[in-house]
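Remarks on the structure that follows.
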Amino acid sequence: MPRKSFLEAVRDAQFEEMKRDPHVFMMGEDLTTNLFGATTGFVEAFGKERVRNTPISEAGFIGAAAGAAMVGMRPIVDVTIASFIYPAMDQLISIVSKSRYLYGGQARLPLVLRLSLFYGNSTAAQHSDRPYPMLMAVPGLKVIIPSNPLDMKGLLKSAVRDDDPVLCFEDAGLWSTKMEIPDDEDFLVPLGRATVSREGRDVTVVALAACVAQSLAAAADLAKEGVSVEVIDPRTLVPLDAETILRSVRKTGRLVVVDPAHRTCSAASEIAALVAERAFGALRAPVLRVTTPDTHIPFSPPLEARLFPSKSRIAEAIRRVVGFDLGDSRRSAGA
Amino acid sequence: MAHFDGELWREIYRRMVRIRTFEDEASRLASKGEIPGALHTAAGQEGEIVGACMALRPDDYMVGNHRSHGHPIGKGAALRPLMAELFGKQTGVCHGKGGSMHLADFSVGSLGETSIVGSGMPVAVGAALGSKLKGNDRVTLCFFGDGASNEGTFHESLNLAAIWSLPVIFLCENNGYGATTPASTVMSVANVADRAKAYAIPGAIVDGQDAIAVYERVLQAVDRARRGEGPTLVEAKTYRYADHAVNLGPGFAIDRGHELAQWRRRDPIALFRARMIEAAIEEEELARIEAEVAASVADAVEFARSSPFPSYEEAFDDVFGERVPLPQSPLACG
């Protein structure tokens, strides 16, 4: 099997889907310039009508993607950096997420918005956002957040074939990671299905995007200390595969959720609430969230580096939930 | 005087009367609480609505706004599902999900009315882009108001349509007010059409009370769009008789006494009726059209009244293609 990078996986998924279905087309800023390598060879293969450079006009072209989808096209919009969705928030929320519902199912909006999570590289507060949690709170938007090249390709292809709008959040920290990907144009990863990235008995770690690799590294370290960690990668946040998470927590009795988003109302918060409501009886320790604190992302590298989840912060959280003594806690709470 | 086309003129008249009668009845029912929510009527604007719609083919697309009823009626939508939608009934054209501000009838090319001012304009651009990419010659008519022309989406939409030569007609229904604010106090140009220059596209002003004038100017824009020559901005000068909306509270009522009386003297339906009589259409025939329309509106109201409300489960349909899970209990997260 060929080894491909995360960005090559993006490129291949788009290329294959455009080749397969003439209704698929791409829009975005600087698309034909191929800024990051996700559209290598596209203009030559598909022409500039289907590989469409846009002005810097997010509300315009994201709304246009919705209109084109409503008349039967299947746009893929490269929004590039995730914060660039903000100028188009009304189009995204009032039009993209709601049209199917408002019009009683007459409208279908098969479109994909690709948004990179561009944090951890000194781009400061306006370019470093991880805004998927606020969009998880908008019904009508599916949200995927792949953690490796294989899932990136398979999920993106499923997203293009899906009849609903899908937001694809791509962690830029993963762009250069490589792995073997089957040379199969119909290789798909279904939306809405989590995967167990590592099996374990003592604690469940649910992790997103680049935090999956950090959690796996922390799990390997903890194994040396005799702690068996199970790592779950939801891969899709909407619809969330609650059962896979709950099954794991019912087995391990402990949960750490790792999410590079800001803490308040993070995806981690939602997953923690889900487990508290539906698997409370299985819990043997408080649920811990490893997230980014509720401050803005600073430019200065040493400041920025300490804010995001890291292998050591994840390991510390795991040790705390494993070392937690339920009996002690109840006695001290009663005292 | 415009070339007389009896069949076209009769249909224009029928659709204008249909909008007026439908909305008069809907206003009455909303005032007494039988129709829920706010109701924004277009009485006074029927000339520009129907004139523009009649310049389209049945398979052309249309996008509109919160002043929503006239557009699908102008495009030829059936009245029963529209009225049932205003009642929030299951048989409504949107199954009771959209209501008065969000009518849509895809069967006649009505891709939906949107209630955030200016939000439909990029959608219209996208529908036109879809036609271009598919290689068909369907055009898109985009209704928007004077208020929307101050939104950023106006600029983005006209720019995109212009640079891509898209088959879209931007039809500004300038009724003089954004809610209660006079348009002239929030614009630095006298006409919305003047803004076309910024995109190097044609900008035209028409008398919105003259359905035929609107029809003829929009038809030119439609022909240009079908030829692949790009968008046109047409501004129809018109007026709405009613306050911003029924059921939004007394704060929306403003005194427009003299101005309102002046515009009522140029009522688009009355003007056109007189013109048809001048063109030797029998008054009895017009009265027959009016009676037929009144009967069809009464039938639509009866249909809406006797239709069931949607079931609770339907609140969970059409969020996605597959139904979203219903809460398992009042305490469960689903």
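The values are calculated or read from the model by the stated rules, or taken from the named source; none is laboratory data. None of the values given here were measured: they were computed from a predicted structure. Every residue, glycine as well, gets a Cβ built from its backbone with ideal geometry; the counts of neighbours run over all protein chains shown. Ligands, DNA and RNA are excluded from the accessible area calculation, which covers all protein heavy atoms including side chains. Shrake-Rupley method; radii C 1.70, N 1.55, O 1.52, S 1.80 Å.
For the reader, a short list of remarks on this structure follows.
- Working from Cα pairs under 8 Å separated by at least six residues, relative contact order for the range A:195-323 is 29 percent.
- Rolling a 1.4 Å probe across all protein chains gives B:Leu326 an accessible area of roughly 50 Å².
- Overall, chain B carries a charge dipole of about 480 debye about its Cα centre when +1 sits on the Cβ of Lys and Arg and -1 on the Cβ of Asp and Glu, all other atoms neutral.
- Per residue, the accessible area of the protein assembly as shown comes to 38 Å², computed with a 1.4 Å probe over protein heavy atoms only.
- Span from the the range B:219-236 Cα centroid across to the the range A:27-104 one, whole angstrom: 25 Å
- Neighbouring partner chain Cβ atoms per residue of B:130-138, average, 10 Å criterion: 4
- Burial order of peptide ranges B:137-146, A:263-272 (average beta-carbon count within 10 Å, highest first): B:137-146, A:263-272
- For the residues of B:313-323, the average number of beta carbons from a partner chain within 10 Å of their own beta carbon is 5.
- Rough spin-label spacing in nm, given labels placed 7 Å along Cα→Cβ, for B:Glu259 and B:Arg305: 3.8 nm
- Length-normalised contact order for chain A - Cα pairs under 8 Å, 6+ apart - percent: 16 percent
- Listed residues A:Ser228, A:Leu113, A:Tyr103: farthest to the positive end of the dipole of the protein assembly as shown (Cβ charges): A:Ser228
- Ligands, DNA and RNA aside, B:Ser306 has an accessible area near 90 Å² when probed at 1.4 Å.
- Fraction of beta bridges assigned by DSSP in the protein assembly as shown that are antiparallel (%, nearest 5): 15 percent
- Beta bridges per DSSP, both residues in chain B: antiparallel share near 15 percent.
- Under 5 Å, built H, 5+ apart or other chain: amide partners of A:Arg289: A:Val257
- Since only B:Gly118, B:Ala128, B:Val324 are under comparison, the one whose Cα sits farthest along the positive direction of the charge dipole of the protein assembly as shown, derived from C-beta charges on Lys, Arg, Asp and Glu, is B:Val324.
- Order by protection proxy (mean Cβ within 10 Å, highest first), peptides B:72-82, A:201-211: A:201-211, B:72-82
- DSSP-defined beta bridges in the range A:195-323 - what % are antiparallel, rounded to 5: 20 percent
- Of the listed residues A:Trp175, B:Trp263, B:Trp9, the order by accessible area with a 1.4 Å probe, largest first, is B:Trp263, A:Trp175, B:Trp9.
- Per-residue [θ]222 nm for the protein assembly as shown (sum of -39500 (n - 2.57) over DSSP H runs n ≥ 4, rounded to 500): -12000 deg cm²/dmol
- Over 28 Å apart at the Cα level, from the set A:Lys157/A:Lys224; A:Lys142/B:Lys75; B:Lys97/B:Lys132; A:Lys98/B:Lys75; A:Lys98/A:Lys178, are A:Lys157/A:Lys224; A:Lys142/B:Lys75; B:Lys97/B:Lys132; A:Lys98/A:Lys178.
- Magnitude of the charge dipole, the range B:206-334, Cβ model with Lys/Arg +1 and Asp/Glu -1, debye to 20: 520 debye
- Taking Cα centre as origin and charging only the Cβ of basic (Lys, Arg, +1) and acidic (Asp, Glu, -1) residues, the dipole magnitude of the range B:1-124 rounds to 280 debye.
- Largest first, the residues B:Asp207, B:Asp255 sort by 1.4 Å accessible area into B:Asp255, B:Asp207.
- Two-site FRET efficiency, B:Ser31 against B:Ser107, from Cβ-Cβ distance with R₀ of 25 Å, rounded to 0.05: 0.25
- Taking each of A:Lys19/A:Lys153; A:Lys19/A:Lys48; A:Lys48/B:Lys197; B:Lys32/B:Lys89; A:Lys153/A:Lys311 in turn, the alpha-carbon distance tops 20 angstrom for A:Lys48/B:Lys197; A:Lys153/A:Lys311.
- Here's the picture: charge each Lys and Arg Cβ at +1 and each Asp and Glu Cβ at -1 in the range A:195-323, and of A:Pro301, A:Val287, A:Ile271 the one pushed furthest to the positive end of that dipole is A:Val287.
- Share of pairwise Cα separations in the range B:62-130, more than 15 Å, in percent: 47 percent
- In the context of the full protein assembly, B:Met62 retains an accessible surface of approximately 0 Å², using a probe radius of 1.4 Å and ignoring ligands and nucleic acids.
- Inter-chain Cβ neighbour average for residues A:93-102, partner chain, 10 Å: 6
- Taking packing as the residue-averaged number of other Cβ atoms within 10 angstrom, the listed peptides A:315-325, A:136-146 run from highest to lowest as A:136-146, A:315-325.
- Diffusion coefficient, µm² s⁻¹, Stokes-Einstein with Kirkwood Rh over alpha-carbon pairs of the range A:3-180 at 37 °C and 0.692 mPa s: 204 µm²/s
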